[in-house]
Amino acid sequence: MVNRTALKQRILQWQYGFAIAAVVANVSIAITGAVVRVTGSGLGCTEWPNCQPGSMIPIEHPELDMVHQWIEYGNRLLGGVIGIIGGLCFLAAWLSRPHRKRVLWLSAAMLGGVFVQAVLGGITVRTGLLWWTVAIHMVVSPVLAWFAVLLVRSLRESDAPPRPRTHPWVPRVLIAQTVVLVGLLIAGTLVTGAGPHAGDQKVARLDLPVSTLAHVHAAFLYTFLALLALVGYLLWRGPAPRDVWKRYFVLVGVVLAQGAIGFVQYFTGVPSVLVVLHVFGAMLVTVATAALWAWSRERPATVEASQHEQFATASP
Ligand code: HEM
């Protein structure tokens, strides 16, 4: 017989792990989504939620390659795993006493986001991979990864109002940087919409010149880098705890690497491998920016938060 108290304790102990898993899973599904696209497997499963008429899973089909079916289906399975992780995040938040409003909301976002993505994925398939449905489906993943990072951070702080741990201008510049990041990600999906990797050969594309869109996309990157340099200057003016500097340099590293991949893929005719790597990089840039954002401010521990922490880490 399952000991319910022990199970509850175990779920609470693993709450931090569930939140980390949510970050990893949301990054991973963007990568598998890119694999679906570049391998032309977007319509490997022709139906939603079934893969083929009358079958939930891939089956032999006279016109559809089994590999394409499994690539598309694998992406759907990963969606299921993210649903389970989101469910565990929410369950742990619900079982915690006292309830933490912020943790509950962020955990609910993990679970709700999976449903949103499932519906968007269904619309994408049913519209035959219309470019803007693919773009919206893609952009939701970085949003969920951002919330997952906030969830990780929220488990080690209280629900009190945030206060800066750095120069007071850093959070303001980071807001501007986040707005630019949103523009950068959206512009990227427009380049994809006009580019060669549609997910299926017969799909209508965004009818705009790829080079113009790529220049707009890159312009967002230059603005992002300028703001990042400003954040660096403000951190140098101080105060700046070591963990904030660490996150700053991680972000500088991933942004520069991502920019380099972007240029290389642009000038080499967007090879599939680099497209997948570029989507991975986009997710890492998002996670690193979210981490810098979350660690550059703090919500001082209250009695409520420390009780929550003690309960969550108590041995079974
Ligand atoms: C931090 C910097 C960058 C980020 C976060 C970023 C992000 C993105 C995103 C999210 C996409 C859409 C992926 C998709 O819809 O599946 C994309 C596509 C693209 N990006 Fe970037 N990007 C960055 C820098 C660059 C740079 C500097 C270039 C060079 C011009 C570039 C070239 C491209 C190209 C050519 C595509 C279309 C690839 C395709 O056809 O699928 N990117 N980028």
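Relative to the Cα centre, what is the charge dipole magnitude of the stretch 123-266, using +1 at the beta carbon of each Lys and Arg, -1 at the beta carbon of each Asp and Glu, and rounding to the nearest 20 debye?
The calculated dipole for the stretch 123-266 is roughly 420 debye.
Ignoring ligands, DNA and RNA, what percent of the 1.4 Å accessible area of the chain is carbon and sulfur?
Of all accessible area on the chain, carbon and sulfur atoms account for 71 percent.
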- line: With R₀ set to 35 angstrom, the calculated FRET efficiency between the beta-carbons of Ala229 and Thr127, to the nearest 0.05, is 0.30
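Taking a probe of 1.4 Å, how large is the accessible area per residue of the stretch 162-297, in Å²? Don't skip to the end; give the middle numbers.
Working: 6730 Å² over 136 residues.
Computed with neighbouring chains in place, this is 49 Å² per residue.
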message: Using a 7 Å offset from the Cα along the Cα-to-Cβ direction at both Trp48 and Phe263, what is the distance between the two label points in nm, to one decimal?
response: 3.7
- request: State, in angstrom, two size descriptors of the chain derived from its alpha carbons: Rg to one decimal place and Dmax to the nearest whole number.
  value: 21.1, 66
message: Under a crude label model (7 Å from the Cα following the beta-carbon direction), how far is Leu7 from Thr212 in nanometres?
response: 5.9
query: Which residue, chosen from Val179, Ala260, Leu208, occupies the Cα position most advanced towards the positive end of the dipole of the chain, where the dipole is computed from +1 (Lys, Arg) and -1 (Asp, Glu) charges on Cβ about the Cα centre?
result: Val179
statement: Computed curve, the stretch 162-297, Cα-only Debye sum without solvent term, log₁₀ I(q)/I(0) at 0.19, 0.22 Å⁻¹, is -1.02, -1.27
- line: Phi-derived 3J(HN,Hα) across the stretch 111-117 with the Karplus relation (6.51, -1.76, 1.60, θ = phi - 60°), rounded Hz, x for Gly and Pro, is 6, x, x, 5, 5, 4, 5
message: Can you compute 3J(HN,Hα) from phi for each residue in the stretch 214-226, using the Karplus curve 6.51 cos²θ - 1.76 cosθ + 1.60 with θ = phi - 60°, rounded to whole Hz and x for Gly and Pro?
response: 5, 5, 4, 4, 5, 4, 4, 4, 4, 5, 4, 5, 5
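Nearest 0.05, what FRET efficiency do Val81 and Val116 give at R0 = 25 Å with Cβ-Cβ as r? Could you put the intermediate results ahead of the total?
Numbers: r = 16 Å, r/R0 = 0.65.
FRET efficiency, Val81 to Val116: 0.95.
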statement: Residues of the stretch 271-297 with backbone N under 18 Å of the label point set 7 Å from the Cα of Ala160 along Cα→Cβ are 294-297
query: Ordered by residue, what ³J(HN,Hα) values in Hz, to whole numbers, does the stretch 265-275 give under the Karplus form 6.51 cos²θ - 1.76 cosθ + 1.60, where θ = phi - 60° and Gly and Pro are x?
result: 5, 5, 7, 10, x, 6, x, 3, 4, 5, 4
message: Starting from 0.36 nm per residue, how many nanometres of slack lie between Lys101 and Ser272 once their C-alpha separation is accounted for?
response: 57.3 nm
query: Which value in nm describes the separation of the simple spin-label points at Ile175 and Asp65, placed 7 Å from the Cα toward the beta carbon?
result: 4.9
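The values are calculated or read from the model by the stated rules, or taken from the named source; none is laboratory data. Please read all numbers here as calculations on a predicted model, not as lab measurements. Neighbour counts run over all protein chains shown; Cβ positions are idealised from the backbone, glycine included. Protein only, heavy atoms only, side chains kept; ligands, DNA and RNA dropped before computing areas. Shrake-Rupley method; radii C 1.70, N 1.55, O 1.52, S 1.80 Å.
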